[in-house]
Structures are given as structure tokens and as C-alpha cells.
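Step one of this worksheet: look at the structure below.
The values are calculated or read from the model by the stated rules, or taken from the named source; none is laboratory data. Small disclaimer: the values here were computed from a predicted structure and weren't measured. So basically every Cβ, Gly included, is an ideal-geometry build from the backbone, and we count neighbours across all protein chains shown. What goes into the accessible areas is simple: the full protein's heavy atoms, side chains included, and nothing from ligands, DNA or RNA. Shrake-Rupley method; radii C 1.70, N 1.55, O 1.52, S 1.80 Å.
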Amino acid sequence: QTDPLPICPEGYANPIDLHHGIDLPMDGCQCACAAKDQVCSTNTTLSIYDDQKCEGTPCATVASPLACGAVSGCTHSQGTLKAAMPTPSGGFCEAQVSPPAPAAWQYDSRLCSTSGASVCEDRRQVCAPSPPQPYAAQLCVTRVATEGLPLPTCPAQYPNGKTLYKSFSDDRSCSGCTCSAVSGGACTGSKLLISAETDCSGGVEYKLGSLCQPFTLVGNNAHPTSVRGQYTVTPGDCKVVVPSSTTGSAPTIGSATVVCCQT
């Protein structure tokens, strides 16, 4: 049974708890693929213009960096900015496999040996009290079989047999799985800061993909001097190409106890 095991009834003692039937859950060894290491740092270019319409030849073009980078060539405190929204590049799909769900015994059994047996009229037999519920009313005999040896058969007077074990070894594992290449993704919250200072402090924020945007830098002899980019990657999609599967088994280990009961 799987409920808490009862105590030995009156006239019986020395309980031994054994088990049979191993439950091997089907869940576990699930493969999941997730995009890793996509970047948006260098695949868009910022163009800076001296006019107010983003026309003509830019006074400077900057491959948008994540770190603060220098700008040269623009001498006015006002102008316009233009840069496309970047798209993710690079990256790969990483596989993660959940472990197999642990095996467990399906049924628990408690064996109690008689503590008050006496010799019957037939001295070849032993008389023992009939156990009360929840134990079965019929009596049983047991025999321990060494691991690796054939199991004994039940005698004719005790034909109902059950083989019980103390432990098992869960040797199961998960095979590897493979993923597709990463596809898609987006660069959300992407923006640039253009500054008149060399350390990218202060300045004007430009949201990438906003088309032509005017800027005004404040200060004596203010002009575009540094720029810093900021990018947040929304990962692309990955698919499972070859799923994981469970390998191995959960065999019983140690000796077996054969229990043979009356009809």
C-alpha cells in the first residue's frame, strides 16, 4: 500500500518495510532552447548634420558605440541627427535539458513476524494467530533470495506470491538535444546621447529610429564632441530540432524477499 504503514498487530513484531513496483514518470528530459549573446552595439550608424533637415553631407558619422566615443568634424551647437533602429546580430541558441523526474516505489509493504508462535499438534507445523485488519487474514511465509540467483517458487499451501525489494538504483539520464539557429529579435529602448563634453555627460538624447531630430547643445563653443549608445536586446526565437530523451533504467538492487501467502 502507499498510505502510512500500520504497526504490527498483537502477536507479531519485528517489522520489515519492503517495496515493489517502480514508478518511472514520463516527465523530465524536456529540452528548451533560448537565444544567447545577441548584440545591437555596432550595426547602425549615426549621421550628424549642420542643417535642420538632415540633408546634404553629414558633418560626422559615428558607428554607434556602447561605450562613450569621440565625435569630430561638427562645429555648430545646433543641427540634426539621424540613425536607423539597430537589429540584433550574432548570438546562438543554447539548449537546456531538465533532469528526469525521480523514480519512486509504487507500493510499500510491511512484514511482521509472529512473536507468539507455538508448535501445533502436527509438530511439522507452527501455529500462529490470524492477524486482524488492516493486515490480510491469511498467513504468509517468506524467503530471502540473494541478488543474482533465481527466485524460489511458492509452496502449494501458500500459492499467492509477491516479490519485495529494499532499494533500487536510478541510473537514468537525459540525452542531449539540439537547437536551431537564432532568428529575429529586436533592439528595444535603443538610444544615443550626443554631448558637447568629452565624457558624454549632459547632452541631448536621441531615440534610434526617430528619423530626423534637431539638437541644441548648451555651452561656450558647444558642438558635438562625444556620443554614447544604449541598447536592450529582446532575444530572438529558437526552436528545438532534436529533442532530449530518457536513457537508462531503474533496476532493483540487493536481495529479494519472496512472500507467499495462503489463498
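Take the conditions (1) under 21 Å from CYS40 (Cβ atoms); (2) modelled with pLDDT under 95; (3) not aromatic (Phe, Trp, Tyr); GLN262 misses just one of them, which is (1).
Conditions (1) polar (S, T, N, Q); (2) open to solvent by less than 30 Å² (accessible area, probe 1.4 Å); (3) touching a helix residue (DSSP H, G or I) at 6+ places or on another chain (Cβ under 9 Å), marked per residue:
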residue	(1), (2), (3)
SER173	yes, no, no
SER201	yes, no, no
PRO224	no, yes, no
TYR231	no, no, no
PRO235	no, no, no
CYS260	no, yes, no
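Among the residues examined, VAL242 does not qualify as at pLDDT 90 or above and under 20 Å from ALA70 (Cβ atoms). Taking the residues in the stretch 179-190 that are touching an Asp or Glu at 6+ places or on another chain (Cβ under 8 Å) and surrounded by fewer than 17 Cβ atoms within 10 Å (Cβ to Cβ) as candidates, determine which candidate is farthest from HIS76 (Cα to Cα). Here the answer is SER183. The listed residues are LEU217, LEU211, LEU193, and the only one of them that is closer than 16 Å to LEU46 by Cα and surrounded by 14 or more Cβ atoms within 10 Å (Cβ to Cβ) turns out to be LEU193.
May I ask you to say which residue of ALA83, ALA103, ALA67, ALA60 is open to solvent by less than 40 Å² (accessible area, probe 1.4 Å) and within 27 Å of GLY236 (Cβ to Cβ)? Walk me through it before giving the result.
Values: ALA103 fails: within 27 Å of GLY236 (Cβ to Cβ); ALA67 fails: open to solvent by less than 40 Å² (accessible area, probe 1.4 Å); ALA60 fails: within 27 Å of GLY236 (Cβ to Cβ).
Step by step, each of ALA83, ALA103, ALA67, ALA60 is checked, and only ALA83 is open to solvent by less than 40 Å² (accessible area, probe 1.4 Å) and within 27 Å of GLY236 (Cβ to Cβ).
Scanning the stretch 106-116 for residues that are among the polar types (S, T, N, Q) and open to solvent by less than 60 Å² (accessible area, probe 1.4 Å), we see that the one that is farthest from VAL258 (Cα to Cα) is THR114.
Condition first: within 30 Å of ASP50 (Cα to Cα), among the aliphatic types (A, V, I, L, M) and in a strand (DSSP E or B). Now tell me which residues in the stretch 214-240 satisfy that. Of everything in the stretch 214-240, just one residue is within 30 Å of ASP50 (Cα to Cα), among the aliphatic types (A, V, I, L, M) and in a strand (DSSP E or B), namely VAL227.
Inspect the stretch 88-97 for any residue being more than 30 Å from ALA181 (Cα to Cα), modelled with pLDDT under 90 and surrounded by 12 or more Cβ atoms within 10 Å (Cβ to Cβ) and give the result as yes or no. No: the stretch 88-97 contains no residue that is more than 30 Å from ALA181 (Cα to Cα), modelled with pLDDT under 90 and surrounded by 12 or more Cβ atoms within 10 Å (Cβ to Cβ). If you check SER113 against the conditions, is it hydroxyl-bearing (Ser, Thr, Tyr) and over 29 Å from the mean Cα position of the chain (by Cα)? Yes. Looking at LEU18, LEU46, LEU24, just one residue is under 30 Å from ILE253 (Cα atoms), touching a residue at least 24 places away in the same chain (Cβ under 8 Å), of a type outside the set (Ser, Thr, Tyr) and open to solvent by less than 30 Å² (accessible area, probe 1.4 Å), and that residue is LEU18.
Restricting the first member to the stretch 246-263 and to residues that are within 30 Å of SER98 (Cβ to Cβ), and the second to residues that are open to solvent by 50 Å² or more (accessible area, probe 1.4 Å) and of a type in the set (Val, Ile, Thr), no beta-carbon pair is closer than 9 Å while six or more apart or on different chains. Taking the criterion of being assigned to a loop (DSSP other than H, G, I, E, B), open to solvent by 50 Å² or more (accessible area, probe 1.4 Å) and in contact (Cβ under 8 Å) with a residue 40 or more places away in the chain, the residues of the stretch 117-157 that qualify are PRO129, PRO132, PRO134, ALA136, GLN138, THR146, GLU147, LEU151, PRO155, GLN157.
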